[in-house]
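> Once you've had a glance at the structure underneath, I'll fire off some questions.
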Amino acid sequence: MSTIEAAELRESLDPSGVRTVADLARQLVLLRLTTPRASVADDPLTLRELSDITGVPRSTLGNAESGRILPRAQVVYKFAAGCQERRSRLDRWVDARNRVARQRRREPDHPAITAIAERIAEPEDAGPVQVAVRFLRARGMPVTVADFDKALDAMPADRCAEHLTAMPPEAAAECLHAMAAPRATACLELLETTVAAAMLCDEDPAMAAEHLQLLPVSATRQVLPVMPIPAVAQRLQLMPRHAAETLVATMPADWTVALIADDAVPVFLAADLFFTVGHRRSLGLAGTLRTTRLAGLLAAMNPDGAAGILASLPEPRRWSVLAAMSEVRAARILPHLSDEHFALLLSGVSAGEAAGLLAETPPSWAAGVLARLSRDERSAILAAVPEQRRNSIEANINPALRELPPYGPLTPAWRLRSARAD
């Protein structure tokens, strides 16, 4: 996500529209991911960093983003403040939280009513934490909600993994969430692959992203292919960019290719992962992707890398990919093509289309490209260029022609005709 896109998304956040715990969770996740950073190259704000800023435990912040638990008003206030929300808007986030609380149940007449209701609630009304506590008590462990996380961290990893496998999935995911990250990772490593994959899908995505980063390579190579690609994509997005690339680089290339090709993976993430499969395979992948998918990936890439992929495509495919991009995105990529490749592109379209492609390029560079075409082709394209710009390009034509090899522009034109014949 670019800085401009993040700023636009942040401005669109509206806590006044929050009605459910899930609504509040989605808004908080977007608020964190769009927090302004010191540099455009910095990754989005992580839960670990937000915990350091606010003093709120990371697990509590993760619970607020999970959509399963309604956070306390103070947690929401500190969350928004830590994400650099404007002071004038902080109360709106607390109001959103309190509105959800009122809609979930009527406010009790006396605080004691709440405590009584919680004690006599039926088991099926209990949350995941209560379910996990009751499960562990049934197995002879003197656990309370207050010391739930400490009891799990003190338990041997193999015993903990055994309990996680046997208890309901949501309760097991809550246990992973409550444990210290290294302890949770040790338990995941001991679980059967499909069970571990299911838990990583059930638990809070931000925590699952952290656990995936801590798992050994041998474990991730087994777990990730079992998880649905949309779930994998969501968790990769919540990792620092370099961590996501490192993780994917350890995976089999065929799996990575399928991940990049899937529309569930956002183009900006797929573009980051494109070259993790190696240069030769990435070129092959470019030849098999749908035109619109490839156009989106190239538009999201570094222009130099995108130009390299574009130059490797057959000429008809190259044009169809360019046609699927916005003019602004294409204009960023085209100047990174070699003069020969750009000239070949210009020679394959009408003079008007060629003039449009040259519209955003520096005059000296445009002249260098045109110098590689025949005189007739060059004249036709220049005639379609607006007068002021045409004059700027023509002023650079003769110097560009002098820079060509001693035998003049006929040889490059011959090379272009040969390339088209091939």
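> Out of all the residues in the range 200-220, which are open to solvent by 20 Å² or more (accessible area, probe 1.4 Å) and over 19 Å from D158 (Cα atoms)?
Within the range 200-220, C201, D202, P205, E210, Q213, V217 meet the criteria.
> Name every residue in the range 307-323 that is in contact with a Leu (Cβ under 8 Å, 6 or more places away or on another chain) and open to solvent by 20 Å² or more (accessible area, probe 1.4 Å), in order of residue number.
Hits for the range 307-323 are A311, S312, E315, W319.
> Scan the range 57-67 and give yes if some residue there is within 20 Å of the chain's Cα centre (by Cα), in a helix (DSSP H, G or I) and modelled with pLDDT of 90 or more, otherwise no.
Within the range 57-67, none of the residues are within 20 Å of the chain's Cα centre (by Cα), in a helix (DSSP H, G or I) and modelled with pLDDT of 90 or more.
> Hey, among F268, F275, which residue is assigned to a helix (DSSP H, G or I), touching a residue at least 40 places away in the same chain (Cβ under 8 Å), open to solvent by 40 Å² or more (accessible area, probe 1.4 Å) and not acidic (D, E)?
F268
> Select from the range 375-403 the residues that are open to solvent by less than 40 Å² (accessible area, probe 1.4 Å) and in a loop (DSSP other than H, G, I, E, B) and list them in ascending order.
V385
> Criterion first (in contact (Cβ under 8 Å) with a residue 24 or more places away in the chain and open to solvent by less than 40 Å² (accessible area, probe 1.4 Å)) does S66 satisfy it?
yes
> Oh, and also: Among the candidates A181, A197, A171, which residue alone is among the small types (G, A, S) and surrounded by fewer than 20 Cβ atoms within 10 Å (Cβ to Cβ)?
A181
> Moving to a separate point now. Exactly one condition in (1) assigned to a helix (DSSP H, G or I); (2) modelled with pLDDT under 85; (3) open to solvent by 40 Å² or more (accessible area, probe 1.4 Å); (4) in contact with a helix residue (DSSP H, G or I) (Cβ under 6 Å, 6 or more places away or on another chain) is false for E353; which is it?
Checking E353 against (1) assigned to a helix (DSSP H, G or I); (2) modelled with pLDDT under 85; (3) open to solvent by 40 Å² or more (accessible area, probe 1.4 Å); (4) in contact with a helix residue (DSSP H, G or I) (Cβ under 6 Å, 6 or more places away or on another chain), the one that fails is (4).
> Please give the number of the condition T114 fails out of (1) out of contact with any Pro (no Cβ under 7 Å at 6 or more places or on another chain); (2) at pLDDT below 65; (3) open to solvent by less than 100 Å² (accessible area, probe 1.4 Å); (4) not acidic (D, E).
(1)
> Within the range 133-150, work out how many residues are closer than 12 Å to M167 by Cβ and either loosely packed, with under 14 Cβ neighbours inside 10 Å or at pLDDT below 80 (or both).
3
> Right, something else. Which members of the range 189-199 meet the condition of being touching a Leu at 6+ places or on another chain (Cβ under 7 Å) and under 15 Å from E170 (Cα atoms)?
Passing the criteria: A196, M199.
> A further question on this structure: Consider the range 316-350. How many of its residues are under 31 Å from the mean Cα position of the chain (by Cα) and either part of a helix (DSSP H, G or I) or acidic (D, E) (or both)?
Number of matching residues: 18.
> Here's a follow-up. Using the structure shown, decide if A261 is more than 20 Å from M301 (Cα to Cα) and either among the hydrophobic types (A, V, I, L, M, F, W, C) or open to solvent by 30 Å² or more (accessible area, probe 1.4 Å) (or both).
The answer is no for A261.
> Which members of the range 234-251 meet the condition of being out of contact with any Asp or Glu (no Cβ under 6 Å at 6 or more places or on another chain), surrounded by fewer than 16 Cβ atoms within 10 Å (Cβ to Cβ) and not in a helix (DSSP H, G or I)?
Listed by number, the list holds a single entry, T250.
> Does the range 125-132 contain at least one residue that is modelled with pLDDT of 85 or more, part of a helix (DSSP H, G or I), among the aliphatic types (A, V, I, L, M) and open to solvent by less than 50 Å² (accessible area, probe 1.4 Å)?
Yes, there is a match, as at least one residue in the range 125-132 is modelled with pLDDT of 85 or more, part of a helix (DSSP H, G or I), among the aliphatic types (A, V, I, L, M) and open to solvent by less than 50 Å² (accessible area, probe 1.4 Å).
> Oh, and also: Here are some residues: D254, D304. Which one is without any contact (Cβ under 8 Å) to a residue 12 or more places away in the chain, assigned to a helix (DSSP H, G or I) and open to solvent by 60 Å² or more (accessible area, probe 1.4 Å)?
Result: D254 is the single residue among D254, D304 that is without any contact (Cβ under 8 Å) to a residue 12 or more places away in the chain, assigned to a helix (DSSP H, G or I) and open to solvent by 60 Å² or more (accessible area, probe 1.4 Å).
> Can I ask one more? Of all the helices (runs of 4 or more DSSP H) wholly in the range 171-233, which have at least 1 residues that are more than 16 Å from W255 (Cα to Cα) and β-branched (V, I, T)?
181-190, 193-202
> So is R10 open to solvent by 40 Å² or more (accessible area, probe 1.4 Å), in a helix (DSSP H, G or I) and touching a residue at least 24 places away in the same chain (Cβ under 8 Å) or not?
no
> Could you give every pair whose Cβ atoms fall below 9 Å, whose first residue belongs to the range 357-373 and is farther than 12 Å from A343 by Cβ, and whose second residue is open to solvent by less than 40 Å² (accessible area, probe 1.4 Å) and not in a helix (DSSP H, G or I), counting only separations of at least 6 or pairs across chains?
Partner pairs satisfying both residue conditions: A359/V385.
> Residues being open to solvent by less than 10 Å² (accessible area, probe 1.4 Å) and among the acidic types (D, E): count how many of those fall in the range 151-168.
0
> Another one. Report whether or not P240 is within 17 Å of the chain's Cα centre (by Cα) and modelled with pLDDT under 85.
Here the answer is yes, as P240 does meet what is asked.
The values are calculated or read from the model by the stated rules, or taken from the named source; none is laboratory data. Here the structure is a predicted model, which is why all the values come from computation and not from measurement. Cβ coordinates were reconstructed from backbone atoms using ideal geometry, including for glycine residues, and neighbour counts include every protein chain displayed. These accessible areas exclude ligands, DNA and RNA; they are computed on the full protein's heavy atoms, side chains included. Shrake-Rupley method; radii C 1.70, N 1.55, O 1.52, S 1.80 Å.
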